[in-house]
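Asker: My questions all concern the structure below.
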Amino acid sequence: MPTTTTSKQYTLNLKDGLRGLLMAVLGAVLTALYPVVSGGSFDFNWKSIAAGAVTTAIAYLLKNFFTPTEVVITKVPDEVVNQVKKGTADVNIQSNRLS
């Protein structure tokens, strides 16, 4: 069966960087919206928003940097999926190391 791997542990790739950027934007938006929702004030503290965005991006990238490599099986036939759902699939692990 075809497989794909996530980025290797202790490395970052372009997809990780782009998702980190997305997380930074979302973190900044949430940092900006929290005072508006909780206090009803539309005064934005841009320094706090930037700090929240940078912190969010760094945390996301660090999480991805230390996450172990995962192997994902792709294009699994429907028959195998149904066997797994029923609990009748025969699963064998040949190796737990990536080369």
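Bear in mind that the values in this text are calculations on the coordinates, not laboratory data. The shown structure was predicted, so the numbers you read here are calculated from the model rather than taken from an experiment. When we count neighbours, we look across all protein chains shown, and the Cβ atoms used for this are built from the backbone with ideal geometry, even at glycine.
Asker: Filter the trypsin sites (Lys or Arg not before Pro) in region 5-83 down to the DSSP loop ones having no more than 10 other Cβ atoms within 10 Å, then list what survives. Before the final figure, lay out the partial values.
Answerer: On the way: sites: Lys8, Lys15, Arg19, Lys47, Lys63, Lys75; in loops: Lys8, Lys75.
Passing sites in region 5-83 are Lys75.
Asker: Along the charge dipole of region 3-86, Cβ charges K/R +1 and D/E -1, which of Thr55, Pro35, Asn82 sits furthest on the positive end?
Answerer: Asn82
Asker: Then there's this: If you take Cα extents along the principal axes in Å from the coordinates, which of [x] 60, 32, 16; [y] 58, 57, 17; [z] 36, 29, 24 do you get?
Answerer: Label of the calculated value: [x].
Asker: Right, here's the next one. How far apart, in nanometres, would the label points at Glu79 and Arg19 be if each is projected 7 angstrom from Cα along the Cα-to-Cβ direction?
Answerer: 3.3 nm
Asker: Normalising by the residue count of the chain, find the relative contact order in percent from Cα pairs under 8 Å and 6+ residues apart. Don't skip to the end; give the middle numbers.
Answerer: Values: 84 pairs, mean separation 44.1, N = 99.
Worked out over the chain, it gives 45 percent.
Asker: Further question: Points 7 angstrom from Cα along the Cβ direction at Tyr34 and Ala50: gap in nanometres?
Answerer: The modelled label-to-label distance comes out at 1.9 nm.
Asker: If you filter the chain for chymotrypsin sites (Phe, Trp or Tyr not before Pro), then keep DSSP loop positions with at most 16 other Cβ within 10 Å, what is left? Can you show the working numbers first?
Answerer: Working: sites: Tyr10, Phe42, Phe44, Trp46, Tyr60, Phe65, Phe66; in loops: Tyr10, Phe42, Phe44.
Those that pass, being in a loop and sparsely packed, are Tyr10, Phe42, Phe44.
Asker: Output the DSSP H helices from the chain with an along-axis C-alpha extent of no less than 24 Å and a mean Kyte-Doolittle hydropathy no less than 0.0.
Answerer: Details: long enough: 14-39 (38 Å, 1.26); 46-66 (30 Å, 0.92).
Qualifying helices: 14-39, 46-66.
Asker: Determine the dipole magnitude for region 3-86: charges of +1 sit on the beta-carbon of Lys and Arg, -1 on that of Asp and Glu, nothing else is charged, the reference point is the Cα centre, and the result goes in debye to the nearest 20. Could the numbers behind the result be given before it?
Answerer: Values: 8 positive and 5 negative charges, 31 e Å.
In debye, rounded to 20, region 3-86 gives about 140.
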